[in-house]
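Here is the structure we will look at.
The values are calculated or read from the model by the stated rules, or taken from the named source; none is laboratory data. No experiment lies behind these values; they were computed from the predicted model shown. Cβ placement follows ideal geometry from the backbone for every residue including glycine, while neighbour counts extend to all protein chains displayed. Quick note on the areas: whole protein, heavy atoms, side chains included, nothing else; ligands and nucleic acids left out. Shrake-Rupley method; radii C 1.70, N 1.55, O 1.52, S 1.80 Å.
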Amino acid sequence: MQDSLKKTFPTFSNELIQEIQEHASIQSFKAGDVMMRTGQYINNTMLVTKGQLKVFREGENGGEFLMYFLQPGQACAVSMICATKSQTSQITAVAVDDVELIIVPLSLMEKWMMEHRSWNEFVIYTYRIRFEELLEVVDNIAFRAMDERLEFYLKRHSDACGCKDVKLSHQEIARDLNTSREVISRLLKKMEQRGLVQLHRNHIELLN
């Protein structure tokens with residue numbers, strides 16, 4: 001396990017990895033499982049060792065706003081903030097595929113911040129990278145038309161999975177972008193005509 005942790009979190013010191021092995025817990029979840037719900041009190045944070053999570057906010061009308069993806073070697077910045085401040089979560093986190101997580105309780109997070117420089121630096125880096133990503137999302141919403149937002153959205157999915165095939169329905173995309181399925185279907189058809197994507201029955205292939 002130590003070699004696996006070192007590979008997934010290369011910046012962690014050997015002492016920190018040893019403490020993770022001794023005190024943190026490992027949990028596995030199936031695709032579609034919810035790891036964090038809006039309104040839930042957060043007493044720990046999650047480190048991703050396998051699989052991928054989607055983190056989003058839910059609107060009053062049932063719509064979803066995609067914030068970011070979590071992949072192996074990453075942690076959820078929002079859960080860190082909620083845990084340290086004893087606040088309820090304002091987001092939902094769902095497994096995109098089968099995932100394995102290291103669950104770090106609040107008491108360990110505080111202890112490691114004082115005792116392990118590599119953990120301190122990892123937390124700060126996590127805050128910074130998520131803030132920068134959210135700024136990009138805000139800019140995308142504020143300054144781009146829906147067709148540009150769709151291209152940005154598909155690229156994020158492609159980058160997150162490291163693949164060119166995005167397994168999403170038109171309805172799922174519409175929900176994430178807070179628009180109608182008809183709008184998404186029309187824009188995807190235009191993208192296909194431009195040679196940017198190839199539309200299949202159960203997935204979208206990015207060509208450019």
**OP:** Quote to one decimal, in nm, the extra length available between M114 and F65 on full extension: 0.36 nm per residue of separation minus the C-alpha distance between them.
**Re:** 14.2 nm
Original post:
With no solvent and one point per C-alpha, what does the Debye sum give as log10 I(q)/I(0) for segment 2-142 at q = 0.11, 0.13, 0.15 Å⁻¹?
Top reply: -0.39, -0.55, -0.74
**OP:** Can you work out the accessible area per residue across the chain, with the rest of the protein chains kept in place, probe 1.4 Å, in square angstrom?
**Re:** 55 Å²
**OP:** Report the calculated FRET efficiency for A142 and H200 (r = Cβ-Cβ distance, R0 = 35 Å), to the nearest 0.05.
**Re:** 0.65
**OP:** Just flag the trypsin sites (Lys or Arg not before Pro) in segment 46-93 sitting in loop per DSSP whose Cβ has no more than 13 other Cβ atoms within 10 Å.
**Re:** K85
**OP:** Report, to two decimal places, the Cα Rg of segment 146-206 normalised by 2.2 N^0.38 Å (N = number of residues).
**Re:** 0.98
Original post:
How much length, in nm to one decimal, is gained on full extension between N208 and V34, taken as 0.36 nm per residue of separation minus their Cα-Cα distance?
Top reply: 59.4 nm
Original post:
In nm, to one decimal, how far is the Y127 label point from the H23 one, both placed 7 Å along Cα→Cβ?
Top reply: 2.0 nm
Subject >> Accessible area of I103 in the full protein assembly, 1.4 Å probe (Å², nearest 10) >> reply: 20 Å²
**OP:** Only Lys, Arg, Asp and Glu count, each charged at its Cβ (+1, +1, -1, -1), so figure out the dipole size of segment 146-206 about its Cα centre, rounded to 20 debye.
**Re:** 120 debye
Original post:
In what order, largest first, do D147, D159 sit by accessible area if the probe radius is 1.4 Å?
Top reply: D159, D147
**OP:** Compute the acute angle (0 to 90°) between the alpha-carbon long axis of helix 14-23 and the principal axis of greatest extent of the alpha-carbon atoms of the chain; round to the nearest 10°.
**Re:** 90 degrees
**OP:** Rank Y68, H170, N140 by how far each Cα sits towards the positive end of the charge dipole of the chain (+1 on Lys, Arg Cβ; -1 on Asp, Glu Cβ) and give me just the farthest.
**Re:** H170
Original post:
Can you pick out the pairs among K50/K189; K30/K164; K111/K164; K85/K164 whose Cα atoms lie more than 31 Å from each other?
Top reply: K50/K189; K111/K164; K85/K164
Original post:
Taking Cα centroids, how far is segment 141-208 from segment 73-106 in Å?
Top reply: 27 Å
**OP:** May I ask you to list the aspartates and glutamates whose Cα is less than 12 Å away from that of K155, ignoring any residue fewer than eight positions away on the same chain?
**Re:** D165, E205
Original post:
How much accessible surface does C161 have with a 1.4 Å probe, in Å² rounded to 10?
Top reply: 60 Å²
Subject >> Test item: Cα-centred dipole of the chain, Lys/Arg +1 and Asp/Glu -1 on Cβ, debye >> reply: 480 debye
**OP:** Would you mind checking the tilt of helix 146-161 against the longest principal axis of the Cα atoms of the chain, expressed as 0 to 90 degrees and rounded to 10?
**Re:** 40 degrees
**OP:** Would you mind calculating the relative contact order of segment 11-82 from Cα pairs under 8 angstrom and at least 6 residues apart, reporting the percent as a whole number?
**Re:** 29 percent
